[in-house]
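This report refers to the structure that appears directly beneath it.
The values are calculated or read from the model by the stated rules, or taken from the named source; none is laboratory data. Computed from a prediction, not measured in an experiment: that's the story for all the values here. No Cβ is skipped: glycine too gets one built from the backbone with ideal geometry, and neighbour counts run over all protein chains shown.
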Amino acid sequence: MMVEARIGTASRRATRCCMMTIALAATAAGRASAQMQAAGGDRPPEPRSSIHITPENARVSQYLHELASPGAVVGVVGGAVLERLRHEDRTDLAEQIASRATQRVAGVSVRHGLAAAMHLSTDDRYQFCECRGLGPRVGHALVASFTDSRADGSRALAVPRIAGSYAASFAGLAWDHDRSVGNVLAGTALSFGLHALFNIGRELTGIRR
């Protein structure tokens, strides 16, 4: 029994190390991409005093901001502290912070990477409908909940957002041994349903954040 327990502990530690490695690699890839896009390939370098904002480096800037902005750091640490207070008997604060940080890196990296590949926006600000009537407004809220916008203003299924949410949830399994794959799938699907209900409520009440 002791040997099995040690093997299980070693396996969990190896999984955590892999997740942290992926997280660090994703961050490094984002920074490398920023440097490559700023260089502009074979084009002659621009004067240092001239800064040009392009869709490419704007994406990288948004990615890095969402990944490691002060608000993101506060959210990770604050969430870990709250979880520690809720389950003080079986929760380690350092592990909670590492878990939440890994989940954020995985989720943000997958979402922004897919959005760039599919040419979809990562701006999740809700746009209120200019239509009238209960049905059209509810329909608009539902469409906005499960789609992302393209550059031409059209909408497409929010594959990056959905995949990013599942990536973040699965990344947490390296630390949270009480959850199963089924729990992750159901919990993430439920979060999207609640998000849709929230958008419907905002649309009908006109509450803006």
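Among the residues of the stretch 96-119, count how many are surrounded by fewer than 23 Cβ atoms within 10 Å (Cβ to Cβ), more than 26 Å from residue 84 (Cβ to Cβ) and over 11 Å from the mean Cα position of the chain (by Cα). Here the count works out to 5. Summed over the stretch 155-194, residues that are under 17 Å from the mean Cα position of the chain (by Cα), surrounded by fewer than 18 Cβ atoms within 10 Å (Cβ to Cβ) and of a type in the set (D, E, K, R) total 0. Scanning the stretch 133-140 for residues that are surrounded by 19 or more Cβ atoms within 10 Å (Cβ to Cβ), part of a helix (DSSP H, G or I) and charged (D, E, K, R) turns up nothing. Just so you know, in the stretch 174-199 the residues that are in contact (Cβ under 8 Å) with a residue 24 or more places away in the chain and not small (Gly, Ala, Ser) include one that is farthest from residue 120 (Cα to Cα), and it is 177. Inside the stretch 101-151, can you point out the residues that are aliphatic (A, V, I, L, M) and free of Cβ contacts under 8 Å to residues at least 24 places away in the same chain? Within the stretch 101-151, 117, 143 meet the criteria. Filtering the stretch 130-170 to residues that are touching a helix residue (DSSP H, G or I) at 6+ places or on another chain (Cβ under 8 Å) and of a type in the set (Lys, Arg) leaves 137, 155, 161. Is at least one residue of the stretch 90-113 at negative phi, modelled with pLDDT of 90 or more and assigned to a loop (DSSP other than H, G, I, E, B)? Scanning the stretch 90-113, I find no residue that is at negative phi, modelled with pLDDT of 90 or more and assigned to a loop (DSSP other than H, G, I, E, B), so the answer is no.
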